[in-house]
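Colleague: This structure is in structure tokens; I'll ask about it shortly.
The values are calculated or read from the model by the stated rules, or taken from the named source; none is laboratory data. Just so we're clear, the structure is a prediction, and the values are computed from it rather than from any experiment. Every residue, glycine as well, gets a Cβ built from its backbone with ideal geometry; the counts of neighbours run over all protein chains shown. These area figures cover heavy atoms from the full protein model, side chains too; ligands, DNA and RNA do not enter into them. Shrake-Rupley method; radii C 1.70, N 1.55, O 1.52, S 1.80 Å.
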Amino acid sequence: MILAWRHLPRTLHQKTSSPRTPKTCLSPSLGTFWRSVTKLGLHTKPRMPPYDFTPERYQSLPYKRVLEIHEQHLSPVFTAYFPKPLLLHQGHMQWLFDYEGNRYLDFFSGIVTVSVGHCHPKVNAVAQKQLGLLWHVSAFFFHPASYEYAEKLSSLLPEPLKVIFLVNSGSEANDLAMLMARAHTKNADIISFRGAYHGCSPYTLGLSNVGAFKTTLPSGISCQSTMCPDVFRGPWGGSHCRDSPVQTIRKCSCAPDCCQAKDQYIEQFKDTLNTSVAKSIAGFFAEPIQGVNGFVQYPQGFLKEAFELVRERGGVCIADEVQTGFGRLGSHFWGFQTHGVLPDIVTMAKGIGNGFPMAAVVTTPEIAKSLAKSVLHFTTFGGNPMACAIGKAVLEVIKEENLQENSQEVGTYMLLKFAKLRDEFEIIGDVRGKGLMMGIEMVRDKVSRQPLPHAEINQIHEDCRHMGLIIGRGGIFSQTFRVAPPMCISKAEVDFAVEVFRSAVIRHMERRTK
Ligand code: PMP
């Protein structure tokens, strides 16, 4: 009998899901069943939603030559995903096309950067108009684009966050924020979370606490790390700690208005203040949701208390909105607002320019004055006419196309759908996030929460790509899939992504039983 894949009873997939039997260990009879399914070739690729767009024909270097040039002339730190790296050629909104014309649904947005869609028509038109007008003058001269942009961006921030410094990258923004914190407080020590990534410049390397980025050379003077309040992987966490439609699988007995995990993590934070920094500190950096570490969320209320403790020590609080800003989290435009806190400095990059290199630091007039008193800050390209025109168009598109609302609606839909997969499969340990920022943490099993081995995650990642879905990776062990599509995606595209991911996990289970 030939069964069409779509007719396979869902309960068959769930049969192995009793809490005592790890779902990845199929019973022998079920194993035979999966094998016969594979032999019959019933793994049809999930069907991509249609898209009416024809990419241009690829006419550049042959793939083999690209690999040769990469090896001979480009940075030897080879970071590309997949053993056969993707050579992408064109993008349109949430879709990417490779050199062979294959279409992919982009659920990573070039590391959470393409906020409103690849080559968005309005942003493209504005960029082309500005290209014909004026590219560059430097900060020694005025041009209208930067004033129009500064006015628009500042209107989106609460008082007293009204002074804007335009720079070129997230690292540069955080470098400047460090300098501001130190110039303003006249203190040196800065605290950031373990697992945080705030940049790769020599200065910000001190804040980035991801082992792979740490160097054996002296760096990170007066930077101290503190425990990340990770309610899934960390020592404490329960069933209603985080601000997300999906909670962890961990249980707790906290009443809805109290969170013991938060209290425990705050004790750790106090411990850092008491043991590892001077009595007076310069500041504390936090991403509202940790990006590179796999979209890790802290317990609600943690940042509020931590900010108070930092201010008691004379420090300023810096929100790194490089990944979380510009409406991606749905409920609010900025990630810090989801924690009910008001930072002293906000840094932003990535989604700010939809892929155009630009970044910003926003602070209070008081802190800006302290910086001006202590140093002349200058950048040649920061706030150039192209960046400002594009940045303004991005803000307009977010508003005109209701992309923050779309992030909320489609993001919540996506989180709840993936949460069902987490309940179905033992190796999906956690699904978390807010809006269109979702982490899927892969584990050996839900009891140990140990990361799924690298090679196994790589294969799932690769299978998704072969079925036309691009997702990212994160976490110290690269154990978490990062999902952050352009904010224009629809529920139909989420349905496709869920089907692809589910098929990839099922294939993984089959490989294990072979
Ligand atoms: N902060 C965060 C939260 C980031 O994710 C990144 C980049 N991944 C940076 C800062 C640094 O940005 P850039 O790569 O533009 O220097």
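Colleague: Filter region 163-174 down to the residues that are part of a helix (DSSP H, G or I) and in contact with a helix residue (DSSP H, G or I) (Cβ under 6 Å, 6 or more places away or on another chain), then identify the one that is farthest from the ligand (Cβ to nearest atom).
Modeller: Here the residue is Asn174.
Colleague: Do we have Val375 as surrounded by fewer than 21 Cβ atoms within 10 Å (Cβ to Cβ), β-branched (Val, Ile, Thr) and more than 24 Å from Gly475 (Cβ to Cβ) here?
Modeller: Judged against the criteria, Val375 is a match.
Each row is one residue, and each column tells you yes or no for (1) closer than 20 Å to Met178 by Cα; (2) within 15 Å of the ligand (Cβ to nearest atom); (3) not assigned by TED's automatic domain parsing to the domain that holds Leu415.
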position: Ala306; (1), (2), (3): yes, no, yes
position: Glu312; (1), (2), (3): yes, no, yes
position: Ile318; (1), (2), (3): yes, yes, yes
position: Gly335; (1), (2), (3): yes, yes, yes
position: Asp344; (1), (2), (3): yes, no, yes
position: Pro357; (1), (2), (3): no, yes, yes
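Colleague: I've got another one for you. Please count how many residues of region 202-224 are free of Cβ contacts under 8 Å to residues at least 60 places away in the same chain and either of a type in the set (Lys, Arg) or at positive phi (or both).
Modeller: Result for region 202-224: 2.
Colleague: Suppose the filter is in contact (Cβ under 8 Å) with a residue 12 or more places away in the chain and in a strand (DSSP E or B); does Arg512 pass it?
Modeller: Values: in contact (Cβ under 8 Å) with a residue 12 or more places away in the chain: yes; in a strand (DSSP E or B): no.
Judged against the criteria, Arg512 is not a match.
Colleague: On the given criteria, is Ser478 farther than 14 Å from Lys417 by Cβ, open to solvent by less than 40 Å² (accessible area, probe 1.4 Å) and assigned to a loop (DSSP other than H, G, I, E, B)?
Modeller: The answer is yes for Ser478.
Colleague: Among the residues that make up region 323-335, is at least one of them under 18 Å from Gln260 (Cα atoms), surrounded by 24 or more Cβ atoms within 10 Å (Cβ to Cβ) and out of contact with any Ser or Thr (no Cβ under 8 Å at 6 or more places or on another chain)? Talk me through it step by step, then tell me what you get.
Modeller: Pass one, region 323-335, residues under 18 Å from Gln260 (Cα atoms): none.
Within region 323-335, none of the residues are under 18 Å from Gln260 (Cα atoms), surrounded by 24 or more Cβ atoms within 10 Å (Cβ to Cβ) and out of contact with any Ser or Thr (no Cβ under 8 Å at 6 or more places or on another chain).
Colleague: Considering only region 43-85, state which residues are at pLDDT below 95, out of contact with any His (no Cβ under 9 Å at 6 or more places or on another chain), among the hydroxyl-bearing types (Ser, Thr, Tyr) and open to solvent by less than 80 Å² (accessible area, probe 1.4 Å).
Modeller: Within region 43-85, Ser75 is the sole residue that qualifies.
Colleague: Also, I was wondering about something else. Enumerate the pairs (first residue in region 187-201 and within 11 Å of the ligand (Cβ to nearest atom); second residue anywhere and charged (D, E, K, R)) with beta-carbon separation below 6 Å, excluding pairs fewer than 6 apart on the same chain, so at least 6 apart or on different chains.
Modeller: Listed by first residue and then by second, the contacts come to His198/Asp320; Ser201/Asp175.
Colleague: Can you tell me which residue within region 261-306, out of those that are aromatic (Phe, Trp, Tyr) and not in a loop (DSSP other than H, G, I, E, B), is surrounded by the most Cβ atoms within 10 Å (Cβ to Cβ)?
Modeller: This residue is Phe284.
Colleague: Look at Glu401 and say whether it is under 19 Å from the mean Cα position of the chain (by Cα), open to solvent by 10 Å² or more (accessible area, probe 1.4 Å) and farther than 16 Å from Lys152 by Cα. Walk me through how you get there before you give the answer.
Modeller: Numbers: under 19 Å from the mean Cα position of the chain (by Cα): no; open to solvent by 10 Å² or more (accessible area, probe 1.4 Å): yes; farther than 16 Å from Lys152 by Cα: yes.
So Glu401 fails the test.
Colleague: Which residues, taken from region 481-492, are outside any loop (DSSP other than H, G, I, E, B) and surrounded by fewer than 23 Cβ atoms within 10 Å (Cβ to Cβ)?
Modeller: Lys491, Ala492 - these are the residues of region 481-492 that are outside any loop (DSSP other than H, G, I, E, B) and surrounded by fewer than 23 Cβ atoms within 10 Å (Cβ to Cβ).
Colleague: Sticking with this one: Go through region 110-162 and give me each residue that's within 16 Å of the ligand (Cβ to nearest atom) and open to solvent by 30 Å² or more (accessible area, probe 1.4 Å).
Modeller: Within region 110-162, Gly110, Ile111 qualify.
Colleague: Follow-up question, since we're still on this one. Of all residues in region 215-244, which are hydrophobic (A, V, I, L, M, F, W, C), open to solvent by 20 Å² or more (accessible area, probe 1.4 Å) and in contact with a Phe, Trp or Tyr (Cβ under 8 Å, 6 or more places away or on another chain)?
Modeller: Met227, Trp236
Colleague: From the list Ser225, Ser208, exactly one residue is modelled with pLDDT of 95 or more, within 16 Å of the ligand (Cβ to nearest atom) and outside any loop (DSSP other than H, G, I, E, B). Which is it?
Modeller: One residue alone meets the criteria, Ser225.
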